[in-house]
1. Residues Arg247, Arg242: which one is part of a strand (DSSP E or B), more than 28 Å from Glu154 (Cβ to Cβ) and at pLDDT 80 or above?
2. Hey, among the residues in segment 104-132 that are of a type in the set (A, V, I, L, M, F, W, C) and under 21 Å from Glu74 (Cβ atoms), which one's surrounded by the most Cβ atoms within 10 Å (Cβ to Cβ)?
3. Considering segment 126-140 alone, what residues qualify as being in contact with an Asp or Glu (Cβ under 9 Å, 6 or more places away or on another chain) and touching a residue at least 24 places away in the same chain (Cβ under 8 Å)?
4. Just need a number here: residues in segment 93-117 that are within 19 Å of Leu66 (Cα to Cα) and over 26 Å from the mean Cα position of the chain (by Cα).
5. Identify, from the list Ala137, Ala78, the residue that is surrounded by 15 or more Cβ atoms within 10 Å (Cβ to Cβ), touching a strand residue (DSSP E or B) at 6+ places or on another chain (Cβ under 9 Å) and over 17 Å from Ala40 (Cα atoms).
6. Do you know which residues across segment 51-75 are aliphatic (A, V, I, L, M) and crowded, with 18+ Cβ neighbours inside 10 Å?
7. Spot the failing condition for Glu154; the list is (1) without any contact (Cβ under 8 Å) to a residue 60 or more places away in the chain; (2) within 20 Å of the chain's Cα centre (by Cα); (3) more than 21 Å from Ser43 (Cβ to Cβ); (4) surrounded by 14 or more Cβ atoms within 10 Å (Cβ to Cβ), and only one is missed.
8. Could you check how many residues of segment 85-103 are surrounded by fewer than 17 Cβ atoms within 10 Å (Cβ to Cβ) and touching a strand residue (DSSP E or B) at 6+ places or on another chain (Cβ under 8 Å)?
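The values are calculated or read from the model by the stated rules, or taken from the named source; none is laboratory data. Note that the structure is a prediction, hence the values are computed from the model and not measured. Using ideal geometry, Cβ is built from the backbone for each residue, glycine included, and neighbour counts are taken over all protein chains shown.
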Amino acid sequence: MPLPGPQGRVSGMLKDLPAEDREERGRALPESSEFAALLAESSADFIGLCDMDFIPVFVNQAGLRLVGLDSLEEAKHAEVRDFFFPEDQAFIVEEFLPRVLREGQGEVEVRFRNFKSGAALWMIYRVHVLLQDGQAAGLATISRNITERRRAEEALRLSRYRLDMVVDSIQLGLWYCDLPSRDLVWNSTHRQHLGLPPEVAPHADRFFEPLHPDDLESTREAVERSITEAGDFDAEYRTIARDGCVRWIRRAEGHPVTLIALTGWGQEEDKRRSREAGFDHHLVKPVSFDLLTQILAGQGAARLA
């Protein structure tokens, strides 16, 4: 027979077993509640249950350790809102949990808090409504700690922001062309060098459109030469903007382009591939701003040999 879920949806099926089958399976598995508790305690995720008054009735050992509680009794003397970082409590109680009760389930990235230290813990908070006789009887959560991931994302965002500041301050145009698709990625400064408006989508063919007619052929040859020889693209050329403004684009004399591979992989094989691809440096994220500026100044880590 069908097992009802939230909003009348079927969430599973129940099958009536003969008496002898039920007896055999009963010997093979512990009681369902005991089996569920065993699974919960073997998990490294935060697993918890609360009643309809949002009072915890169960938290597994991994969850207790995560939030700095010494026992289940401590958890039962708190409210669900107490498990969240103060700035997130109103959102959870006033917006998220009411939505879960309406829809039967929900998921959000939010901060738990450690009861002892007060530290924030970024979690993927997944919640499901528990039904009994067709009525909501409580909430269950299996939530995962993503604090390290969020820290890495923030460090990468900050590193990118600082790099953009350096690039913008020296008016350096950056571009990357993927072969053989010829898809092009460029920063806003390079787009300005080409004299193209923001709505123009980057593509390899667009690179040549604004070039001065007298420089077009030599620039094409320089591009093809850098591809066939796997060497530097070294050319001096003029661009003509749509308003008629002419710009000279060149690489500064005595300052060769420094290619930096910024990646999440740092094994010797990864460094070898970067070296073979022509990169001067191989840096593993997150990268410190000080190291990056030292490399750009020619004082950083040794180049890939």
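1. Arg247
2. Within segment 104-132, the match that is surrounded by the most Cβ atoms within 10 Å (Cβ to Cβ) is Met123.
3. Within segment 126-140, Val127, Val129, Ala137, Gly138, Leu139 qualify.
4. 3
5. Ala78
6. The answer is Val59, Leu64, Leu66, Val67, Leu69, Ala75.
7. (4)
8. Number of matching residues: 5.
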